[in-house]
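The values are calculated or read from the model by the stated rules, or taken from the named source; none is laboratory data. Being a predicted model, the structure only gives us computed values, none of them experimental. Here Cβ is always computed from backbone atoms with ideal geometry, including for glycine, and neighbour counts include all displayed protein chains. Quick note on the areas: whole protein, heavy atoms, side chains included, nothing else; ligands and nucleic acids left out. Shrake-Rupley method; radii C 1.70, N 1.55, O 1.52, S 1.80 Å.
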Amino acid sequence: MTQEMHHRRERIVELVNRQGSVSFAQVKQELPGVSEMTLRTDLKALDAERRIVRIHGGARSVGYVVGTDDLLDRRTVRNVEAKEAIAAKAVALVRPDSCICIDSGSTTTALAARIPDERLLAFTNSLTVAGELARLANPQTHVFGGTLNRFSRCMNGSAVVEAVRDAHFDTFFFGVTNYSDSMGFTCGSEEEARFKRACIEQADTVVALMDGSKVGPRGTFRICGLDAVDAVVGDDGLPAGFREACSEHGVDVL
């Protein structure tokens with residue numbers, strides 16, 4: 001790749017990320033001296049690298065389409081020790097002969113990887129969670145069908161939410177993007193927030209999985225408040241103020 005090509009593509013990515021969604025005309029306006037054929041080649045290459053997402057007539061940022069902070073592949077390698085510690089504690093809440101639902105995400109996938117080969121009925125919207133459960137002989141796993149989010153590798157949409165409302169779970173394990181006093185638990189995708197809320201309504205016990213870095217910043221889409229959660233499984237980094245708020249709402253912190 002030439003320096004000129006690299007610089008041009010970086011400008012395209014910067015434009016798309018800044019605007020969230022741009023038309024091809026906007027891309028041409030940003031780079032007026034570049035031919036349409038070259039710009040289309042650039043968009044195709046950047047889409048293949050998962051730096052943008054091509055759409056009809058333009059492009060969108062990965063964050064805009066995914067509705068989350070990052071690609072699952074990148075989140076999986078971040079705070080690995082904290083995720084493993086959380087998963088190790090959360091798996092103790094999984095009882096044999098119970099019905100559980102596991103949300104999508106890197107921490108919930110780490111939980112699925114630790115579930116023992118015992119009789120269990122498990123539901124998920126996550127392909128990575130389902131992949132971990134597929135190694136086990138005894139649990140019966142159901143994957144909610146819907147529209148595939150190829151970045152988060154989970155199923156979303158109204159069909160998923162409707163299917164959830166026809167089910168009942170003993171325990172629902174969910175991940176979050178952030179927690180703040182003003183917004184409660186949040187995530188970056190409206191569709192994922194709807195899925196989590198629907199599962200919370202259908203569960204006897206609701207368990208949030210999160211490390212201390214999630215506390216403080218406000219996310220985009222509200223999932224629920226502390227009043228809807230029975231337990232939080234976290235790491236040693238959960239702030240004292242958050243722990244106190246959990247105690248005031250009768251939420252166990254593990």
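A single entry from Phe151, Phe173 fulfils the requirement of being touching a Leu at 6+ places or on another chain (Cβ under 9 Å), under 23 Å from Asp117 (Cβ atoms) and in contact (Cβ under 8 Å) with a residue 40 or more places away in the chain: Phe173.
Against the list (1) open to solvent by 70 Å² or more (accessible area, probe 1.4 Å); (2) aromatic (Phe, Trp, Tyr); (3) modelled with pLDDT of 90 or more, the condition Tyr64 fails is (3).
Going by the structure shown, is Asp204 surrounded by fewer than 14 Cβ atoms within 10 Å (Cβ to Cβ), more than 18 Å from Ala87 (Cβ to Cβ) and acidic (Asp, Glu)? Here the answer is yes, as Asp204 does meet what is asked. Residues satisfying the criterion are absent from the stretch 119-136 (criterion: farther than 15 Å from Ala203 by Cβ, open to solvent by less than 20 Å² (accessible area, probe 1.4 Å), touching a strand residue (DSSP E or B) at 6+ places or on another chain (Cβ under 9 Å) and in a loop (DSSP other than H, G, I, E, B)). Each residue in the stretch 190-201 was checked for being open to solvent by less than 10 Å² (accessible area, probe 1.4 Å) and out of contact with any Asp or Glu (no Cβ under 9 Å at 6 or more places or on another chain), and 1 of them qualify.
Scanning the stretch 211-243 for residues that are within 18 Å of the chain's Cα centre (by Cα), open to solvent by 60 Å² or more (accessible area, probe 1.4 Å) and farther than 20 Å from Ala90 by Cα yields Pro217, Arg218, Thr220, Phe221, Arg222.
Kindly indicate the residue of the stretch 145-166 that is part of a loop (DSSP other than H, G, I, E, B) and open to solvent by 20 Å² or more (accessible area, probe 1.4 Å) and also farthest from Ile200 (Cα to Cα) among those meeting that condition. So, considering only residues that are part of a loop (DSSP other than H, G, I, E, B) and open to solvent by 20 Å² or more (accessible area, probe 1.4 Å), the one farthest from Ile200 (Cα to Cα) is Arg150.
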